[in-house]
Every structure is written in C-alpha cells, then in structure tokens.
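Every read-out reported here was derived from the displayed coordinates using simple, explicitly stated rules and does not represent laboratory data. Please read these numbers as outputs of a predicted model, since none were measured by experiment. Cβ atoms come from the backbone with ideal geometry, glycine included; neighbour counts cover every protein chain shown.
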C-alpha cells in the first residue's frame, strides 16, 4: 500500500473504504446466489419429474432486473463502515439459502398443485414469476436491515419499477391474466412464503452461530496446544 501524500491520517478512510467494499459485495453476492441456487434446484426437480421448466427467460429477466441487478447496483454505492466479522463465503451462502429454498419449495409446490388441478402452464409461469418477486423483495429487505431512507428508497423504487414494467410491458415479459384457480394457488403460496422464509432464516442463523462457536473453540484449542508445547 502506498500513501501518495505520505499522510497516515488517511488510514481510517482507507479502512472504511475497504469495509464498504466488502460489506456491499457481501450483500450483492447474496442476491445473485439466491437466483443461482434456486435455478439449480428447480432445474434438477424439473428433470427428475419430467416437467416443463415453469419460468420463461423474459420473466427471469424481469425478476433479475428488479430483485438483483438494480438493487445490487445502488446498494453497492452506499457507505457502509460496519466492522467485518465472520467468514465471508459462509455468511453469503447462509444468507442466500433461506430465500433460495423458499423459492424452490414454493415454485415446486405451485407446479405440482397446478398440474393436479389442470391449471395451464402459462398461468403457472406468471404466478411463479410473482412468487419469485415476493421472495426476492423479502431477501432484499433482510439484507438491507437496518433500514434507512436510502435503502427504503431502493426497495420501494424496485417494487414500483417491477409493477410498472409488469403492467405496461406485459407483452414483453410474458405477463398475462391468469385463471381463478391459479390466483387462489398463488395467494395460498404467497402467504406461506413469509413464515417459510422467517423460520428458514432463523435455522440458518442458528447454524452459522454454531459453526462460528465451533470454529472459535477449535482455534482457542489450537492456540492452547501451541502454548503448552512452547512451555
């Protein structure tokens, strides 16, 4: 590291900039990883059960734009000087898993129930799109906590943008009116996503805490062994 002006008074600013980058990359990586894990699980599920993949590329693009791309871009520019703690990769994976599993179980159940009640595949794809959007905003809310005016504006702006494009550009993103049966299924699973997301979040928070405790205990044990060997 080179101080161009030979002034060590800038060291706190350097540390804060490093914290901003790492903390914001952690949040952005969580959003991208949710989509990747969910897509992998749903692809395997569709292959095993010989089902048509319920989402169209244009619908995935709509969700990626307002649940991942735009919020990740604006959140990455926010000042974030929170102290860096824990393992980066483990934190990102454990933050992404609740939303990814909620997405997978909700969409998989929607597809199974839809085929059982003979709901059209086009209707299922539209309902699945909005289920993904709901869970996507849940995880965005989770990683943005504690909320401030800037983060609220990003979340509300993305919600408004998704609604605007889904309504006025429905032909572009394959959004159409769906049957009453599909609406009922959508409402049922949309309600179920909130407790599923909440309890899965608590489960993975507990797992992360236990792993951190085991890691700290292992490190302390290794240090004690080194001290006793030196003595």
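Put simply, when 42-51, 95-104, 64-73 are sorted by average Cβ atoms within 10 angstrom per residue, most first, you get 95-104, 64-73, 42-51.
Taking the longest Cα principal axis of the chain as reference, the axis of helix 121-144 is set at about 20 degrees. Note the angle between two axes, namely the Cα long axis of helix 149-168 and the longest principal axis of the Cα atoms of the chain, as a number of degrees from 0 to 90, rounded to the nearest 10. For helix 149-168, the angle is close to 20 degrees. Compared with the dominant Cα axis of the chain, that is its longest principal axis, helix 180-230 is turned about 20°. Above 20 angstrom, tally the Cα pairs of the range 25-137 and express them as a % of all pairs, no decimals. The share of Cα pairs beyond 20 Å in the range 25-137 comes to 44 percent.
Here the convex hull built on the C-alpha positions of the range 1-48 has a volume of 71 cubic angstrom per residue.
How fast does the chain diffuse by Stokes-Einstein, in µm²/s, taking the Kirkwood radius from C-alpha pairs at 4 °C and 1.567 mPa s? This corresponds to a translational diffusion coefficient of 65 µm²/s. If you plug the beta carbon distance of residue 5 and residue 80 into 1/(1 + (r/R0)^6) with R0 = 35 Å, you get a FRET efficiency near 0.90. Here the range 22-65 is scanned for amide nitrogen atoms under 18 Å from the site 7 Å beyond the Cα of residue 168 along Cα-to-Cβ, giving 62-63, 65.
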